[in-house]
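Report on the structure given below.
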Amino acid sequence: QQIQEDLNKQLLDNLVSFLSRSHSDFQEKTTKWTCRMKFREIPTAAVVLGVNVTDHDLTFRGLSDVLQDNITPYVALLEAKDCPAIKNLMQKLMGQLMNCDIEVDSLEDEDCVQVPQNRIRCSMLSLISWYESVTKKTDSGTPSKKRNSSSRHWQSPPVVVIFKDMESFTTKVLQDFIVISSQHIHELPLVLIFGIATSPMIIHRLLPHSVSSLLCIELFQSLSCKEHLSTIIDKLLLTSLFPFKLGEKVLQVLINIFLYHDFSVQNFIKGFQLCIVEHFYSQPLSVLCCHLVDLKKRVYSLSHAQCENIRRLPSFRRYVEKQESGKQIELLTNDSFLKKETERLLEDLYVYHENYVSILRCLHVFTSSLPKYPLGKQIRELHCACLENQVWETEEYESSLQLARMLNKTDLVSMLQQCVEILTSSSGKEFDKTVEKLKEFLTQFQNLEAEASQERDVSVSSQKELQKKTDLYHLQKTLLELKESRRSKKLTKFEMLRFEVVDYIDRLVRKYLVPADNRTLHEIVYFNAATVLRGHLNAAPRTALHTALNNPHRYLKNQALKCDGGGISNKAPDICIVYKLHLECGRLINLVDWLEAFSTVVMAGEEPNADAASSDQVDDIIHARFIRAVSELELLGFIKPSKQKTDHVARLTWGGC
């Protein structure tokens, strides 16, 4: 939430500046506002937020808080679902505005009595009279204490109306509200904010020119949702502050849902939270997924069963196989020795994370400036490539190195300077020599500039000597020597240094960007259950519905509903009995036969009743239960009435789930 507030800060500051300008015009009654009054123009901010509609609530909530803290207490947030007509819009608007009646302190005044919303006539005239009474009260009749409490607001503050989802509002509602408001703009300092998910052109598609000409529109653009996501991943996932990590497949599932479904950063965060819950719920060793300060205490408090769980981890078994026989026996039999080794391995894993993030950022500095972006432009793409396999074995990495060997000196120097800053600010302790080496490269590049200027002077003098040679024999001999030297041209000092820099970065990548799956005990801090996550996030409603109706014990956990061998329990809900019976039928289902089968299942295990009247009553109840269950099945879309036979229904679903 803090990261998103920081990302939206520029947008919110621009909107506050816009509202301040609009309000100051009204406050000072300047020529600019007079012109607006003359043309009845309403100051309007069109805020393009993108198609990630689920993230808009957080932005508008932040905007409302900023406005109420700095500009005006009168802010109304309107949604299309609450405003099907102009009457509903005015009721919602006045209800929200009157609930924010100045300050809590001012409610101590007996004269300030809030009128219930349903007792006043919701019209623009009522809104104006309310606004005038409220502003006069705050201007003149408030004690000094109350003036101080509202001093952060402007005198005669504007009324801000935010349409959160402008595309969803009906055209008539918007037109009527804008036309009515424009007629009273000289009495009420109204400012509109349109939340737009698609394009600013939607304003002109929804509103005719006669209405849109009543708006003085200024356009505001928020950061793209992809930039939001990249920052979230950079600040939350690519950091050593949090011990919990996402595996490559899990991260790819979350990113794919973001890119191909909703572009919602909020849903990405919810998916991340679900990963945390699932990891700590399903992984018995997740108690060791903690900060280094708590690690030793938690490791030495492990029980024997938890030590056995460590020995069962695939990465730990691979580690044991590489050890000598004596150490293998200690690791597999001695819990104390195992705890000591586990502490060391987990500390190494944390050091690996710190080094990994630093070198990944350095590699991103190089790859993000290359043409065509072989390894991706965003750091999240590079991160996924490094988690998936050994990145230096991929074709994209090889092409990136080839392109890096053709960079000019200015770009190389700039990249090396950025890498020095990254590694200097890193918490990793292994990069002192690396920083010295990079600084040495920078010094060599600076020395090359001085040598290059001297070589230019030498070449100019040689050309002058060549021009002085008027003898044809000497001239021809000199030209042949120049031609031969160009054929056997060696690499220049700059090219050799450039190759050396790229090879050094390559060695760092091969040393520090080893995939996390190759590290021992990575299962403790990495969540890799992509199938489980996909099952939670990618809904399969038909499968869930079939499971619920075919096996109600799965969800209800009632032992009486448990059936073996595909039988039908008479204790099951009616719709489950009807559903399982309909699975045994063909395309057309005879309702009479279906009812008899349902009655047979329901009455199974019950003693026959000799009383005819009671029996008829029971039959009526069973008949009513059957009709209700069949209606529910039709509502769910499994059957429909048949036009071929009136006493039959047609089955609509086939095949297994």
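Odds and ends about this structure:
- So Ile577, is it surrounded by 14 or more Cβ atoms within 10 Å (Cβ to Cβ), at pLDDT 85 or above and farther than 27 Å from Pro541 by Cβ: no
- Residues (more than 19 Å from Gln283 (Cβ to Cβ) and either hydroxyl-bearing (Ser, Thr, Tyr) or free of Cβ contacts under 8 Å to residues at least 12 places away in the same chain (or both)) located in region 523-539: Ala539
- In region 364-380, the residues that are part of a loop (DSSP other than H, G, I, E, B) and under 16 Å from Lys226 (Cα atoms): Ser368, Gly376, Lys377, Gln378
- Residue in region 344-362 that is open to solvent by 30 Å² or more (accessible area, probe 1.4 Å) and more than 30 Å from Tyr397 (Cβ to Cβ) present: yes
- Considered as a group, the residues in region 395-428 that are free of Cβ contacts under 8 Å to residues at least 12 places away in the same chain and part of a loop (DSSP other than H, G, I, E, B) include one that is surrounded by the fewest Cβ atoms within 10 Å (Cβ to Cβ), and that residue is Asn408.
- Residues satisfying the stated conditions in region 270-297, i.e. among the polar types (S, T, N, Q) and either over 25 Å from the mean Cα position of the chain (by Cα) or over 16 Å from His536 (Cα atoms) (or both): Gln283, Ser286
- The condition of being modelled with pLDDT under 90 and among the aromatic types (Phe, Trp, Tyr) holds for only one of Phe258, Phe242, that being Phe242.
- Number of the condition not met by Asn570 [criteria: (1) surrounded by 16 or more Cβ atoms within 10 Å (Cβ to Cβ); (2) in contact (Cβ under 8 Å) with a residue 24 or more places away in the chain; (3) not β-branched (Val, Ile, Thr)]: (1)
The values are calculated or read from the model by the stated rules, or taken from the named source; none is laboratory data. If you're wondering where the values come from, they're calculated on a predicted model, not measured in any experiment. Positions of Cβ are generated from backbone atoms using ideal geometry, with glycine treated the same way; all protein chains shown enter the neighbour counts. Ligands, DNA and RNA are excluded from the accessible area calculation, which covers all protein heavy atoms including side chains. Shrake-Rupley method; radii C 1.70, N 1.55, O 1.52, S 1.80 Å.
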